[in-house]
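Some notes on the structure that comes next.
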Amino acid sequence: MRERIRSAYHTLFGASARAFGTLSVVLLVVLAVVPARDHLREWLHYQNEYLNLIRNRSDGLSLARRFQGGVQQIWLPELGVVDRCATCHIALKEASLAGVGPQPFLPHPPIPHSLTEFGCVMCHRGQGAATTVEEAHRSTLAWEQPILPARYIESSCGECHERPLTGTPQLGAGRAMLARYGCVHCHKLTSPESRTVAGTDDPPPLKHIAAKTTREWIFAWIKNPQAYAATATMPNFQLSDDDARDISAFLIGQSTPYTTEAIKVPPVPATDDAAALQQGSSTYGESFCASCHAMQNAAGLLVGGDLGPELTRIGSKVRPEWLAEWIRDPKTYDPDTRMPHFRFEAKDIGLIMGFLESKTDSDFLANVHLSAATPSQITHGKQLVVERGCAVCHDINGVAHQENFAPDLTAVGSLPLSKIIFLPGMPHTLPDYIAAKIRKPRSFGNALKMPQFTLSDAQVDALVTALLAQTSRGKTLPPALRIPAPEPSTYQPAGRAGQLMNDLRCFSCHTINGRGGDMAPDLSWEGTSVQRSWLVKFLKAPNTLRPALIRRMPKFNLSDEEANVLADYILTVYQTPAFDRDQIGASKFTSGDAAHGKDLYYGKYACNSCHILDPNKDKGYIGPTLTQVGLRLNAAWIFRWLKNAQALRPGSLELNWNMNDDDARAITAFLMQPKAPPQQGASK
Amino acid sequence: MTEPKDFTASMDSDSRRTPVRVAFVTRRTSPQVRTRDDRYVMTYPEVLFRAAVASEILLLALALVSLFWNAPLEGLADPMQTPNPAKAPWYFLGLQELLHYFPPVVGGVLIPTLVVLALIVIPYFGINIEAEGFWIRNRDAKVRTLILVVALVAVFLSWFKVWAVLIPTVAIVALTLVGAFPSAHAGAFRRWLHLKPLPFWIMSWFLIVATILTLIGTFFRGAGWALVWPWEVD
Amino acid sequence: MANLVEEFAEFRKSRVWRSVFRAGSGQSNLHRSLAVQQNVFLHLAAVKVRRRALEFGVTWYLGTLSLACFLILTVTGILLMLYYHPSVPQAYADMKDLQFVVSAGVFLRNLHRWSAHAMVLLVFAHLFKVFYRGAYRPPREFNWVIGVILLMITLFLSYTGYLLPWDQLAFWAITVGSNILAAVPLLGAKIRFLILGGHTVNANALLRFYVLHCVILPLIAALFVAVHFWRIRKDGGLYTGEKSDD
């Protein structure tokens, strides 16, 4: 045996020439392994599996014809996209395979973009260039961005679309929350157009807080704002009793009087006067305070809007003198408030006060007992106010407004993983990190300043989605792809009408020329749309136009003169440039037109599915009631509306009928026709 | 043929001793030239094949390594994001380690320049060529000088807290001194040490220090160039 | 098989073969000497080598292996150049393409990378081996100097190649390295500017390193390698330590 080994060795390596020959053969074998390995690539395996999958299907032949072997890629140089996902995800465009195979053979759900327009990783993240499962989907040293979990996928829409989209409710909700929950006060969020996102939560100034409420209430509130109002947007700063005591001491101490005039409190009905309370409740209701303020009803359900604070326990909070003046004219206390100046009579103020002061919660302040503040407590309180960043949101005497209090989140969606310190045991991904930060900020260290928010899982997901949309890609995208948010407008109406609109805070709810809220209709073209007589009447005594809506414009108790000034201004200034409102005179219609229009209204277009024209017959609750539309709207507006409502009011629920001129004219004639007098008067 | 010969005939194939070869063919002898010289081999084919075999073994080893271990690749270069630590290629890590101790002019410029110059001039100094055992002459004076020099170097290194250089330096000097006084019945190792020339000691010192610094820089330096264990280095 | 050998032997006698290899096909030392002398690549080397110089312990074949590394690197490097654009950030994308779509691309890159490391190691080892054997002594002192220069070129070749993948590792290694240069008194910043083509590592530096790595340095290295080999012969062959030979 040994002899044979020796002789074999001699044959193979006996001389240097022999060794050279032997080694050359070995080397060739080893080098042959290299191209051989190309045939073991993962994607080849998937392509073979796909062919097996479609082999016995009835549409197998056409599927096989569309199948292309080899590496497939979407190459978009201007976007930096090289996506080879389709190498394994073969059936992305084969709708017939929906629900058939396992991944990677499922088709892509329908989306507004073409699949080859942006590639895959623009939305899904992951490594597009990779052709192995591991490298494509998971985070590695050479690729930090793993696949984005499907539940945050809307964030990718937000990288280009800054304008709200109807198809991305989660992203929209998250963005609204960033502004509403005060995130953007501490964290800067800058759009690629260098605009800073502003808060929508309107934190109240605290410079005169002692006139508004008591130190005990402040103590209880800052300890746990959600105990006072479940909808409170102020987060819980997890203050100790001592810290809350000292902060409340400082806040009361720094407060100054807000008016030098003596406040006359109108007579307020006694708390046991049930009739007066009922009357106050009616006044509260008729003034449509609930359009902005929510309140828990007897069943514990929250009813009302969220523009103003919740009033469920308001009686335990405010001082009567403050409340009286606030209801009379809120601007005395807070010149920047969003609440309108209602022209209430003293009697009504008393009634509303009586109603509001009955809304108390004896438990809320039951355990709060504070002794008089000492100077050292006040000093400590001020220090805490500075440390906790109270002045980031609130105006406080003696504490400067704090800028850039927390890290800038403009590009948090592309935060490199290497810069993140994860908690032990948590998945090392960006969404998990952001979610954990939002859910429990102090779990990353007790010294962290970020307060605790009370959020549902869905809300956290929405916030994570909105934050993931904040990537640095915004700056590198071709400008043509970006859909920036509308330029914020500083529009200010002029003259006396302008003053009035300011006083009435029209912009809190209405948008005009790009400025204002979205609770009520855009009024930019209102002058083209409505008739003057109706407008004056409506301003004096608003009624609801939509049967399904519980909110409507509050009654401001305007004088005739004020209503006329406003109506004149609106009719003169707020006109669409597209057409003339007097283009079509109502008198030109014949009764034949109207009859034809009626047929079309109930027949061809079935307008009665959504609109009520005859309250006894029609059951449409989607659109506004049309009983008095002939008195409210101009014929030209109706005509244009029927032809293309979206052009007049983008986003309107009205279908785009694309009606021909004759049909539109006939229906306009029918709608402009005087109807039988309505059952109810225009005013309530 | 009556005149006396002024030459002697002999046979030799050593080209250096007898550059001109004249062969006398007499009746009793036949021409004989040594065709082989066992001390030499022909470059072609023996040397070429050997070189090829060595190269093939190397290529084979590298190919196998390349089949099983992938070359490192990290994320796209991002000037805004500094990795911690940022490391130079491994053969410069000894230098980077020096930079940790010394100001850049010393660690980054002076020392490497001196090293390169020293390497270049090696064959031009008699001491490197004679290669006389360090301890063979003037032993006591050399011991004194050595201790003085090493003490100065040690103070310098301690000043900059360069323990990673100081410790091997002291160890090598100790080893040198072990060879300085070989007794009659000293072991072979000690006699071997005794015969080593100064250049040997300096080069060994350089090699060991450079290796240690490179190893520390490669395997024992983590974030902030702090000392860590090899398994904690990313 | 035997037939093939015979036919090959016949072929070596043909006019075509003789026009290429003039040494002919003989087995004598004269033929073998001519085979080396008449070859432009081999003529740098001696015709005969001392038997002892071929023993493994004498040289560890470190010079041969360094040359082999250089050749492997040249071949793999040229193949890699077929897939590589020295531009930002395409250079990095090319790494990904090598990894994911080029046939045997990963292997090519691995082989180039590991051979580069091996070459640095082998050249260093060569230097120390030569030193410890005393092979730098006259008459070989100038070849030692060329060797040191070749070491510097090797380091610079490796260093310039380090940047080419344009990943974080490359970028910061070169940044750290070039910052060391900036410490040179007076001229530091200027030297760094010259090498990087800018004040920081950027697209200019990448292009500059690419040209250095693929053209300038390999040419210089080849030149010095040639001189290095030629000098071995001129300085009396490989140093074996045999007294009688010197």
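Which of the residues that make up segment B:116-137 are aromatic (Phe, Trp, Tyr) and either in a helix (DSSP H, G or I) or within 20 Å of B:ILE172 (Cα to Cα) (or both)? Walk me through how you get there before you give the answer.
Let us first name the residues in segment B:116-137 that are aromatic (Phe, Trp, Tyr), namely B:124-125, B:134-135.
Hits for segment B:116-137 are B:TYR124, B:PHE134, B:TRP135.
Counting the residues of segment A:562-604 that are crowded, with 18+ Cβ neighbours inside 10 Å, at pLDDT 85 or above and of a type outside the set (A, V, I, L, M, F, W, C) gives 7.
Does segment A:491-498 contain at least one residue that is aliphatic (A, V, I, L, M) and over 21 Å from the mean Cα position of the chain (by Cα)? So that I can check it myself, show each step before the final result.
Filtering segment A:491-498 for residues aliphatic (A, V, I, L, M) gives A:494, A:497.
Pick out the ones that are also over 21 Å from the mean Cα position of the chain (by Cα) and you get A:494, A:497.
Yes; the residues of segment A:491-498 include at least one that is aliphatic (A, V, I, L, M) and over 21 Å from the mean Cα position of the chain (by Cα).
In segment C:1-40, the residue that is nearest to C:TRP230 (Cα to Cα) out of those that are touching a helix residue (DSSP H, G or I) at 6+ places or on another chain (Cβ under 9 Å) and assigned to a loop (DSSP other than H, G, I, E, B) is C:ASN39.
Scanning segment C:94-109 turns up one or more residues that are assigned to a helix (DSSP H, G or I), on the phi < 0 side of the Ramachandran plot and in contact with a Pro (Cβ under 8 Å, 6 or more places away or on another chain).
Within segment A:252-295, the set of residues being touching a residue at least 24 places away in the same chain (Cβ under 8 Å) and touching a strand residue (DSSP E or B) at 6+ places or on another chain (Cβ under 7 Å) comprises A:GLN254, A:ALA290, A:ALA294, A:MET295.
The conditions of being facing chain B (nearest Cβ under 9 Å) and free of Cβ contacts under 8 Å to residues at least 12 places away in the same chain are met by C:ARG113. Could we say that B:TYR40 is more than 26 Å from C:LEU187 (Cβ to Cβ), of a type in the set (Ser, Thr, Tyr) and facing another protein chain (nearest Cβ under 7 Å) here? Considered against the rule, which asks whether it is more than 26 Å from C:LEU187 (Cβ to Cβ), of a type in the set (Ser, Thr, Tyr) and facing another protein chain (nearest Cβ under 7 Å), B:TYR40 comes out as yes.
Here is the figure for segment B:99-115: residues that are exposed (fewer than 13 other Cβ atoms within 10 Å of the Cβ) and either facing chain C (nearest Cβ under 8 Å) or not in a helix (DSSP H, G or I) (or both) total 1.
Would you pick out the residues in segment C:137-162 that are outside any helix (DSSP H, G or I) and at the interface with chain B (Cβ under 9 Å from one of its Cβ atoms)?
Of all residues in segment C:137-162, those outside any helix (DSSP H, G or I) come to C:137-140.
Correct list: C:ARG137, C:PRO138, C:ARG140.
Quick check on my filter: what residues within segment A:442-457 are in a helix (DSSP H, G or I) and touching a residue at least 12 places away in the same chain (Cβ under 8 Å)? Explain how you work it out, then say what you get.
Here is the first cut: in segment A:442-457, the ones in a helix (DSSP H, G or I) are A:442-444, A:457.
Matches in segment A:442-457: A:ARG442, A:SER443, A:PHE444.
May I ask you to list the residues in segment C:163-187 that are part of a helix (DSSP H, G or I), closer than 19 Å to B:VAL116 by Cα and within 8 Å of another protein chain (Cβ to nearest Cβ)?
Step one: filter segment C:163-187 for residues part of a helix (DSSP H, G or I), giving C:163, C:168-181.
Narrowing further to those that are closer than 19 Å to B:VAL116 by Cα: C:177-178, C:180-181.
Those that are part of a helix (DSSP H, G or I), closer than 19 Å to B:VAL116 by Cα and within 8 Å of another protein chain (Cβ to nearest Cβ): C:GLY177, C:ILE180, C:LEU181.
Per the listing A:LEU631, A:LEU613, the residue uniquely buried (at least 18 other Cβ atoms within 10 Å of the Cβ) and assigned by TED's automatic domain parsing to the domain that holds A:LEU648 is A:LEU613. If you go through segment B:143-169 and keep only what is surrounded by 15 or more Cβ atoms within 10 Å (Cβ to Cβ) and free of Cβ contacts under 8 Å to residues at least 40 places away in the same chain, you end up with B:VAL143, B:LEU146, B:VAL150, B:VAL153, B:ALA154, B:LEU157, B:LEU166.
Quick one: which residue in A:LEU27, A:LEU63 is assigned to a helix (DSSP H, G or I), among the aliphatic types (A, V, I, L, M) and over 22 Å from B:LEU64 (Cα atoms)?
Details: A:LEU27 fails: over 22 Å from B:LEU64 (Cα atoms).
The conditions single out A:LEU63.
Select the helices (runs of 4 or more DSSP H) contained entirely in segment B:138-231, then report the ones holding at least 2 residues which are within 30 Å of B:HIS100 (Cβ to Cβ) and of a type in the set (Val, Ile, Thr). Outline the logic, then answer.
Working: elements: B:139-159, B:163-178, B:188-195, B:198-219.
Because the criterion is at least 2 residues that are within 30 Å of B:HIS100 (Cβ to Cβ) and of a type in the set (Val, Ile, Thr), the helices (runs of 4 or more DSSP H) in segment B:138-231 that meet it are B:139-159, B:163-178, B:198-219.
Every condition in (1) more than 14 Å from chain C (Cβ to nearest Cβ); (2) within 22 Å of the chain's Cα centre (by Cα) is met by B:MET203 except one, and the failing one is (1).
Within the set A:THR116, A:THR140, the sole residue that is away from chain C (no Cβ under 14 Å) and within 30 Å of A:SER191 (Cα to Cα) turns out to be A:THR116. Exactly one residue out of B:ALA71, B:ALA63, B:ALA52 is facing another protein chain (nearest Cβ under 7 Å), touching a Pro at 6+ places or on another chain (Cβ under 9 Å), modelled with pLDDT of 90 or more and more than 27 Å from C:ARG137 (Cα to Cα): that is B:ALA71.
Being exposed (fewer than 14 other Cβ atoms within 10 Å of the Cβ) and among the β-branched types (Val, Ile, Thr) is the filter; apply it to segment B:122-142 and report the residue that is farthest from the other protein chains (Cβ to nearest Cβ). Per the criteria, the residue is B:ILE136.
Test of understanding: among C:LEU122, C:LEU82, which residue is under 29 Å from B:GLY126 (Cα atoms) and either aliphatic (A, V, I, L, M) or surrounded by fewer than 18 Cβ atoms within 10 Å (Cβ to Cβ) (or both)? Answer to the check: C:LEU122. Residues that are assigned to a loop (DSSP other than H, G, I, E, B), more than 27 Å from the chain's Cα centre (by Cα), exposed (fewer than 14 other Cβ atoms within 10 Å of the Cβ) and not small (Gly, Ala, Ser) within segment A:95-151 comprise A:PRO102, A:GLN103, listed in sequence order. Taking the criterion of being of a type in the set (A, V, I, L, M, F, W, C) and within 7 Å of chain B (Cβ to nearest Cβ), the residues of segment C:43-68 that qualify are C:ALA45, C:ALA46, C:VAL47, C:VAL49, C:LEU54, C:LEU65, C:ALA68. Would segment A:364-384 turn up any residue that is within 22 Å of A:VAL268 (Cβ to Cβ), touching a Leu at 6+ places or on another chain (Cβ under 7 Å) and buried (at least 17 other Cβ atoms within 10 Å of the Cβ)? Within segment A:364-384, not a single residue is within 22 Å of A:VAL268 (Cβ to Cβ), touching a Leu at 6+ places or on another chain (Cβ under 7 Å) and buried (at least 17 other Cβ atoms within 10 Å of the Cβ). Would you mind stating whether C:SER66 is of a type in the set (Gly, Ala, Ser) and under 21 Å from the mean Cα position of the chain (by Cα)? Yes; evaluated as a whole, the condition is true for this residue.
Report, by residue number, each residue of segment B:76-94 that is in a helix (DSSP H, G or I) and more than 7 Å from chain C (Cβ to nearest Cβ).
We begin by selecting, within segment B:76-94, every residue in a helix (DSSP H, G or I); these are B:90-94.
Correct list: B:TRP90, B:LEU93, B:GLY94.
What is the residue count in segment A:75-94 for residues that are assigned to a loop (DSSP other than H, G, I, E, B) and among the β-branched types (Val, Ile, Thr)? The number of residues fulfilling the criteria is 1. Listed by first and then second residue, the pairs with beta-carbon distance under 7 Å, at least 6 apart or on different chains, first residue in segment A:359-376 and of a type in the set (S, T, N, Q), second assigned to a loop (DSSP other than H, G, I, E, B), are A:THR360/A:ARG313. Taking (1) in the same structural domain as A:SER114 (by TED's automatic domain parsing); (2) of a type outside the set (Ser, Thr, Tyr); (3) loosely packed, with under 13 Cβ neighbours inside 10 Å in turn, A:PRO35 satisfies each apart from (1).
The values are calculated or read from the model by the stated rules, or taken from the named source; none is laboratory data. Predicted, not measured: the structure shown is a model, and the values here were computed from it. Positions of Cβ are backbone-derived with ideal geometry, glycine not excepted, and every protein chain shown enters the neighbour counts.
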